[in-house]
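Below is one structure; the comments refer to it alone.
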Amino acid sequence: MASERPITVFQVIVGKAGTITVAREPRSEDIPICKVIIDKLQQRTTQVLVGMLREGRLKSEEEFKVLGANLYRVLFANEIGKAVTDALYQPLKLVRVELEFDEEQEILSSWPWEYLYCPEEYGQAGSGYFLAGQKRLVLTRRIRLNVSRRQPIDKPPLKVLLVASGPTGHPIEYDKVREAIESPGTEMIKVTALLPSGEPGKALKATWSNFTDMLDAEDFHAIHFLGHGKWDSDKKVGTILFMRKDNTADPRSQDEIATTLMGMSSLHLVFLQACESAESDPYQAFSGVAQQLAQKAIP
């Protein structure tokens, strides 16, 4: 009897016309092409729930299940969802679900798919589950873009710019993050840091001008931003909070950030790590920035 493959990958592609296809494993011919299940009421309901989430008004587990179940029915109340559930119930099987959204599916791509909840009627043995709560499942999502891949890094070290921004009223903890990035050693990873207070002789403050000066001075392979974001509800844009010299917040919009980074041919990865904020939803702000970066072919 042939042994099971240790990983099953579902590359779930949501196309322009609302078609949903599986492009990798299991073989695409084993799973039929499905359609996005969403009408005006379903979309309005989900939008309301997403808005409540971003305003911090979802509190109980049951409320998160309702949001997650609505998200699940949009993409997975079909043969694709059944195949994912069947794979999860296979012994020792690891499952990877890669959600890819066409550029014209901006509304769907902006929804918080990490809250996906498989309702009881779609699970096995009458049990529901959060996909993110399954230890054997990895869920990722991205915008599907027709862009060329960047040239591989020819030799170490990997050059990383760590931006840890903590303006007044927005504290952050960055020591463990910095330690983890630097752990492979300087021969493998060279870390340049911009920090909340700066470190004389070691690191500058995480101001916008220091950030852009660093980009002009060196070709970085990766940028790791750790800090806070705010969503501008009037302009419908996300902002990332850099710092001014007096430590007050200096919000920079998703368009400004993306425009600044789009010409960096050396850049292979921008990693956005949002800190929790009582004032606004960092998820929505960082999601807006991430989409702008992706649309400008910045990984």
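The values are calculated or read from the model by the stated rules, or taken from the named source; none is laboratory data. None of these values were measured; they are calculated from a predicted model. Methodologically, a virtual Cβ is constructed for each residue, glycine included, from the backbone with ideal geometry; neighbour enumeration extends over all protein chains shown. Just the protein is used for accessible areas: all its heavy atoms, side chains included, with ligands, DNA and RNA removed. Shrake-Rupley method; radii C 1.70, N 1.55, O 1.52, S 1.80 Å.
Note on segment 193-238: residues that are open to solvent by 30 Å² or more (accessible area, probe 1.4 Å) and in contact (Cβ under 8 Å) with a residue 60 or more places away in the chain total 2.
If you check PRO167 against the conditions, is it surrounded by fewer than 18 Cβ atoms within 10 Å (Cβ to Cβ) and over 17 Å from ALA290 (Cβ atoms)? Answer is no for this residue.
Checked against the criterion of being open to solvent by 50 Å² or more (accessible area, probe 1.4 Å) and hydrophobic (A, V, I, L, M, F, W, C), segment 68-85 has no qualifying residue. Of all residues assigned to segment 239-257, at least one qualifies as being at pLDDT below 95, touching a helix residue (DSSP H, G or I) at 6+ places or on another chain (Cβ under 7 Å), under 21 Å from LYS205 (Cβ atoms) and not in a strand (DSSP E or B). Taken over segment 116-131, the criterion of being open to solvent by less than 70 Å² (accessible area, probe 1.4 Å) and modelled with pLDDT of 85 or more is satisfied by LEU116, TYR117, CYS118, PRO119, GLY128, TYR129, PHE130, LEU131.
Checked against (1) more than 21 Å from GLY128 (Cβ to Cβ); (2) assigned to a loop (DSSP other than H, G, I, E, B), LYS59 meets all criteria but (1). Every condition in (1) touching a strand residue (DSSP E or B) at 6+ places or on another chain (Cβ under 7 Å); (2) open to solvent by less than 30 Å² (accessible area, probe 1.4 Å); (3) not charged (D, E, K, R) holds for TYR174 except the one numbered (2). Residues in segment 43-53 that are touching a residue at least 40 places away in the same chain (Cβ under 8 Å) and open to solvent by less than 50 Å² (accessible area, probe 1.4 Å): THR46, VAL50, LEU53. Residue selection: PHE286 satisfies the criterion of being in a helix (DSSP H, G or I) and among the aromatic types (Phe, Trp, Tyr).
Among the residues examined, LEU145 qualifies as more than 24 Å from GLU62 (Cβ to Cβ), modelled with pLDDT under 90 and open to solvent by less than 70 Å² (accessible area, probe 1.4 Å).
Does segment 27-37 include one or more residues that are buried (at least 16 other Cβ atoms within 10 Å of the Cβ), touching a residue at least 24 places away in the same chain (Cβ under 8 Å) and under 21 Å from the mean Cα position of the chain (by Cα)? No.
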